[in-house]
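Coordinate-derived values only; no laboratory data. Computed from a prediction, not measured in an experiment: that's the story for all the values here. Heads up, the Cβs are rebuilt from the backbone with ideal geometry, glycines too, and the neighbour counts pull from every protein chain shown.
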Amino acid sequence: MVPLWMYLAVAAALFCLGTYTVLSRRNAVAVLMGIELMLNAVNLNLVAFWRFQSPLNMAGQAFTAFVLVVAAAEAAVGLAIIISMYRSRRSVTVDDVDMLRW
Amino acid sequence: MVVGGLTPQAIAFGFFTILTLGGAFGVVLNKNLVRGAVWLIVSLFGIAGMFVLLSAPFLAAVQVMVYIGAIGILFTFAVMLTRSMTNMRQRFTTQWWSALIVVGLLFVFLMSGVIVPVWGGISPEQAGDVVATTTDLGVALVDGNQFVLPFEVASLLLTAAIIGAIVIARQHEEE
Amino acid sequence: MDCINQLAQCLNQGGMDSGLAQFISIFLGVVLVATFPLLVTILLIWVERKFAARIQDRIGPNRVGPFGLLQPIADVVKLLSKENITPAGADKPIYNLAPPFMVAAVLLVWAVIPLTPYHFGVDLEIGALYVITVASIGTLAVMMAGWASNNKYALLGAFRVVAQLISYEVPLAMAVLIPVMLAGSMSLQDIVKAQYGMWFVFAAPLSAILFFISSQAETGRAPFDLLEAESELVAGFNIEYSGMKFAMFFAGEFMHVFTNGVLMAVLFTGGWIGPFAEQAPLLGLIYLLGKASVWYMISLWVRNSVPRLRIDQMMDFNWKFLVPMSILNVLVIAFLLQVIKQVGLTPIDPNNFIQNLPQTVVLLLGNVFVGYIMLSWVRSKGRQARAADEAKKMPAAAVHAVGD
């Protein structure tokens, strides 16, 4: 049986890769991809803890399902915003979107 | 069956770890965003495999269906519709080195928290063999004492997100 | 699978390591389950062409072999011998990965289908959900194919295909919910076993129709075949594929239609259930394939008889008719199941045909009710549209009459 700390290590690595993507990529779509990676790392953490600490209490899986729902909703709205941004400014580089009003 | 000291579960874990982290590296480092979307899908598939290893098959199926079948395709569409594609010479912002330092510190901090067992009680090696089934998850989501309220709120959230995304991304004909 | 276990024991006694023996036996099982649909596909190519020909009042292939039975082999040889042209500027890894993904999305479904009472690939406790999940991998393959071809028309074709596929997944998933509710479990073997008393197609015909229509749309079969409209759009997203890769798309589509037939049989018409199926498992397999062939023939019949829908008509049909109907269907059937339980009409022995009758009649009435509501709504919409058309024509007709 694979011990718990290995799952947590994978989740930590995934979270850090996601954070680096968010902090350092210039393209807005790539930033959203990083956010998805971070949310997946959180999900993996939740399910690993659920399995090892309290496999009979469904709170772990239910919570993960809700995080999944929120991530899906946020990806949809975020990409809609990016597409709208592209339409008005013809650019999706995060450096170019620095004024609140065009 | 033990091959070179590794049980089949360990081999599967290693395989899915390679998929997950390899895909994540692909997302970070790619020059071509469509390939980046494909790497993201690979990484999400690795996570689904880990869910199966952790005895959560329902979550694994939902992960593939929602993330890969819907969000992966959404990302691919977004990449194509915003023409942000091939051969980006400048992938990273100018402050990428400070981001790298911050993330490195974060990783060290998280790993120290992971390896030093701060959660007493059940030793991490022993995962119990009795696991709740998908039926229990279904009951938990509609049981009045458990998670029916977050369930309903989540559906409201999804409705709001659908309507919001459609309104924001609509092309305005008055221009 | 019991013969798999026996093979493992046999190898074990022959001196092999027991883990390795089990691995080999499982591997052989996987190879068998994956090869079976591929072999069936070869036969299906012939069936499809002959059937289409007869409906169109011609003979169909009859030169190669008796009755043209070796025609698929000729097709395969032709496709294999064609040159594999990769377009310049195509994204090679994605371009090469798309056809295998498409075929994989169909083959993976066969892993959970219960072929006989004792033989199946794996009895997942989430079997029905797994089927829908794997269908969404096919959508991804289409997107990859359209993008990697580096061709505007392929990309446009891929966009429309993906829009259609993800739209029709919604009524598909909701139609699959009904057998799951009636059987009380998502495992496909349990769904088949729950149909001993009464096939679900009699208790929930509306769901069967919904599943049939949605699965036709998911594969891209007429009347939803705008995706590869052979007479328009220059073959859509697989325009740049030739040779073996095109053969994979082609074979994948036929396999998908047959798999849909098998799923209809398993979910709604009782899978391997039939006289003496438990004693002779092979009979169970024959019953399953027979029922699947009936559904496959119905889909071929529809394909060769109806004209094609436009993409906006397809989307309208889905979002304005199928999705509300499927939601209403789920609500009504869930409500009726609870009512049946409260009133006490639930069959005590689910395997008894007579005891299932009252429940079936109540559910059937519920289905008829939902169907009637949706159809009368569609009718009133049609009347409004016609009245609007008449009103538009009236002033013109008056002017015309005056001008005479």
### Task
Would you mind ranking C:ILE191, A:ILE83 by Cβ crowding within 10 Å, fewest neighbours first?
A:ILE83, C:ILE191
### Task
Counting only C-alpha contacts under 8 Å and six or more residues apart, can you give the relative contact order of chain A as a whole percent?
27 percent
### Note, ³J(HN,Hα) from phi for region C:242-254, Karplus 6.51, -1.76, 1.60, rounded to Hz, x at Gly and Pro
9, x, 5, 5, 5, 4, 5, 4, 4, 5, x, 5, 5
### Summary
Where a ≥ b ≥ c are root eigenvalues of the Cα gyration tensor, a/c under 1.5 meaning rounded, otherwise prolate if a/b exceeds b/c and oblate otherwise, region B:1-89 counts as oblate
#### Entry: Part-to-part distance (alpha-carbon centres) for region C:264-302 and region A:61-98, which is given in Å
46 Å
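Quick check for me: using +1 on Lys/Arg Cβ and -1 on Asp/Glu Cβ, what's the dipole size of chain A about its Cα centre, in debye to the nearest 20?
200 debye
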### Message
Using only the alpha carbons of the protein assembly as shown, what is the convex hull's orientation-averaged projected area in square nanometres?
### Response
40.1 nm²
### Query
In the neighborhood of C:PHE212, defined by Cβ-to-Cβ distances under 12 Å, what is the net charge if each Lys or Arg adds +1 and each Asp or Glu adds -1?
0
### Message
Taking the Cα centroid of region C:128-151 and of region B:130-175, what is the distance between the two, rounded to the nearest whole Å?
### Response
24 Å
### Task
In whole Å, largest first, what are the principal axis extents of the Cα atoms in chain A?
54, 23, 17
### Message
Just to confirm my numbers, what's the Cα centroid distance between region C:159-214 and region B:24-39 in Å?
### Response
36 Å
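With +1 on each Lys and Arg Cβ and -1 on each Asp and Glu Cβ, how big is the dipole of the protein assembly as shown about its Cα centre, in debye rounded to the nearest 20?
Numbers: 38 positive and 38 negative charges, 322 e Å.
Using Cβ point charges on Lys, Arg, Asp and Glu, the protein assembly as shown gives about 1540 debye.
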## Note on the structure
Per-residue Cβ contact counts at 10 Å, fewest first, order C:GLU83, B:GLU152 as C:GLU83, B:GLU152
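List, in the order given, every pair from C:LYS193/C:LYS341; B:LYS31/C:LYS152; C:LYS291/C:LYS341; C:LYS291/C:LYS320 whose Cα-Cα distance in the structure shown is over 27 Å.
Where the Cα-Cα span goes over 27 Å, the pairs concerned are C:LYS291/C:LYS341; C:LYS291/C:LYS320.
Considering just Cα atoms, how many Å³ per residue does the convex hull of chain C enclose?
Taking the convex hull of the Cα positions in chain C, it is 206 Å³ per residue.
What relative contact order, as a whole-number percentage, does region C:12-149 give when Cα pairs under 8 Å and 6 or more residues apart are counted?
Averaging sequence separation for qualifying contacts and normalising by length gives 23 percent for region C:12-149.
Return a whole-number percent for the relative contact order of chain C, with Cα pairs under 8 Å and 6 or more residues apart as the contact set. Don't jump to the answer; show the numbers that get you there.
Details: 540 pairs, mean separation 73.7, N = 404.
Once divided by the residue count of chain C, the mean separation gives 18 percent.
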### Message
Just want the answer: with Cβ charges of +1 for Lys and Arg and -1 for Asp and Glu, which residue in C:GLY274, B:LEU21, A:LEU46 is farthest toward the dipole's positive end in the protein assembly as shown?
### Response
B:LEU21
### Sum of -39500 (n - 2.57) over DSSP H runs of 4+, divided by residues of the protein assembly as shown (222 nm, nearest 500)
-23500 deg cm²/dmol
### C:SER187, C:SER215 arranged by Cβ crowding within 10 Å, fewest neighbours leading
C:SER187, C:SER215
### Query
What is the Rg over Rh value, at two decimals, for region C:89-187, using alpha-carbon atoms and the Kirkwood definition of Rh?
1.09
